[in-house]
1. Can you tell me which of 55, 145, 70 moves the most in a GNM of the chain? Springs connect C-alpha atoms under 10 Å apart.
2. For the chain, modelled as a GNM with alpha-carbon contacts under 10 angstrom, which of 153, 177, 36 fluctuates the most?
3. Does the stretch 84-151 classify as rounded, prolate or oblate by the C-alpha gyration tensor (a ≥ b ≥ c root eigenvalues; a/c under 1.5 gives rounded; else a/b over b/c gives prolate, otherwise oblate)?
4. Between the stretch 72-90 and the stretch 116-187, how far is it from one alpha carbon centroid to the other, in angstrom?
5. As an exercise, find the ratio Rg/Rh for the stretch 127-169 from alpha-carbon atoms, using the Kirkwood inverse-distance average for Rh.
6. Using helices alone, what [θ] at 222 nm do you get for the chain, with -39,500 (n - 2.57) per DSSP H run of 4 or more residues, divided over all residues and rounded to the nearest 500?
7. Under a GNM of the chain (C-alpha, springs under 10 Å), which listed residue has the highest mean-square fluctuation: 147, 94, 123?
8. Could you list 37, 96 in order of exposure, starting from the residue whose Cβ has the fewest other Cβ atoms within 10 Å?
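Please treat every number below as a calculation from the coordinates, not as lab data. No experiment lies behind these values; they were computed from the predicted model shown. When we count neighbours, we look across all protein chains shown, and the Cβ atoms used for this are built from the backbone with ideal geometry, even at glycine.
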Ligand SMILES: Cc1cc2nc3c(=O)[nH]c(=O)nc-3n(C[C@H](O)[C@H](O)[C@H](O)COP(=O)(O)O)c2cc1C
């Protein structure tokens, strides 16, 4: 296989990242890559919410931790510890919202797909710059309070993912990849 960025690209688990700040210039490159995606009709049916600095801690404590405790009153101290610092694993978290609009011709499905493309561009761009990055949803992507906090419209908008970006501690091992013959066929 030819050796190019996409044949080697790999995510780094959020729990294995270091969270010191990333360069502002790099963050701008990543965000701009995120909004440079195929988008039928140029409807921009997505939003990127940049969560960095003190906001990581604020959202961890005011939204994720509170909601987890509410939904899991019997939770162990160990899981409470994990839930109190979810976003703080990263230097920056980019929350991507799918924000579809009514359109006479362009189906909702295509707008949702485009928000996935935003996630993938953010992820790939961060990785191409040498950062550790991972696309996560975890439970709080499906939490109503989180959607509301991020400015999403209940029942319409959805969280496509949280793109965690930080620094590598070590190069990640390869993960299991699909058998091409099972997922690709030539017609
Ligand atoms: C929409 C979406 C949501 C994901 N959510 C999670 C998650 O909540 N927890 C998890 O461990 N992995 C999750 N993953 C998978 C991780 O991103 C995983 O590390 C990744 O698939 C590794 O692939 P890569 O090395 O090809 O980038 C998710 C992937 C996608 C596409």
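1. Taking springs between Cα atoms under 10 Å, the residue moving most is 70.
2. Of 153, 177, 36, the most mobile in the Gaussian network model is 177.
3. Working: a/c = 3.11, a/b = 1.36, b/c = 2.28.
It is oblate, given that a/c is not under 1.5 and a/b is not larger than b/c.
4. Each part reduced to its Cα centre gives a spacing of 21 Å.
5. Working: Rg = 13.0 Å, Rh = 11.7 Å.
Rg/Rh for the stretch 127-169 comes to 1.11.
6. Numbers: 8 runs with 65 residues, N = 187.
Theoretical 222 nm ellipticity from helices: -9500 deg cm²/dmol.
7. Most flexible of the set in this elastic network: 147.
8. By the 10 Å Cβ count, ascending, the order reads 37, 96.
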